[in-house]
Amino acid sequence: MAWAGPRGLIGPKTLVMGICHDDPEVTPEAELRSDAAVVISEDAKVPSGLVEQRLPAGRYACTTHVGPYEELGDAWARFMGHWLPESGERVGKGTSFEIYVNNPMEVPKQQLTTQLYIPLS
C-alpha cells in the first residue's frame, strides 16, 4: 500500500486483494506463493515494476470472515474442509483469492472483514 498509494493506485473505493496460488494442504509453507493486488481500471496503465494479472470469470464460492487476519488460516480451513465437502461442489480451475473489505488502519482487528473466494467447477 505504501508503494501503490503514491503512484495513484489507491483511492477510497480501491479493491485490495490477496491472490493465493498454492494449496497450503499440499504445498510446504516455505514454498507457498501469493500476491498482494489492487484492482485498477481497465484503461489504467500498469506501472513499471508491477505485473498485470486477470482472474478468470466463472463460478466462485464466497464466505466472509470477520476478525483478525491472523485467523484467516482457520477461516480457510473451515471453508475448504467443512463447507466445500458438504456443499457437493468441487474446486475448479483458477485461483483462490481474498478481498479485504475494510482498512486495518481504520477499524479494530475484531472488525476486519475479509471475503474468501474459491473457484468452482
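The values are calculated or read from the model by the stated rules, or taken from the named source; none is laboratory data. Only a predicted model underlies this, so the values are computations on that prediction, with no experimental measurement involved. All Cβ positions, even for glycine, are placed from backbone atoms using ideal geometry, and neighbour counts span all protein chains on display. SASA here: full protein model, heavy atoms, side chains in, ligands and nucleic acids out. Shrake-Rupley method; radii C 1.70, N 1.55, O 1.52, S 1.80 Å.
Quick notes on this one:
- HN-Hα J in Hz across the stretch 33-49 - Karplus 6.51, -1.76, 1.60, θ = phi - 60°, x for Gly and Pro: 10, 8, 10, 8, 9, 10, 8, 10, 5, 4, 9, 6, 7, 6, x, 4, x
- Percent of C-alpha pairs per 5 Å bin, the chain, short to long: 2, 9, 18, 22, 20, 16, 9, 3, 1, 0
- Of the solvent-accessible surface of the stretch 63-121, computed with a 1.4 Å probe and all protein chains present, 51% belongs to carbon and sulfur.
- Sorting CYS20, CYS62 on solvent-accessible area from highest to lowest, probe radius 1.4 Å, gives CYS62, CYS20.
- Candidates GLY11, GLY58, GLY73: whichever shows maximal mean-square fluctuation once the chain is modelled as a Gaussian network with Cα springs under 10 Å: GLY11
- Among the GluC sites (Glu not before Pro) in the stretch 72-121, those placed in a DSSP loop whose Cβ has at most 13 other Cβ atoms within 10 Å are GLU106.
- Here the Gaussian network model covers the chain, with springs between Cα atoms less than 10 Å apart; of SER96, SER87, SER34, SER87 fluctuates the most.
- A prolate overall shape is assigned to the stretch 1-52, the ratio a/c of its alpha-carbon gyration tensor axes (a ≥ b ≥ c) being 1.5 or greater and a/b exceeding b/c.
- Heavy-atom accessible area ranking, 1.4 Å probe, most first, across GLU70, GLU29: GLU29, GLU70
- Where the chain is the region considered: accessible area per residue in Å², 1.4 Å probe: 70
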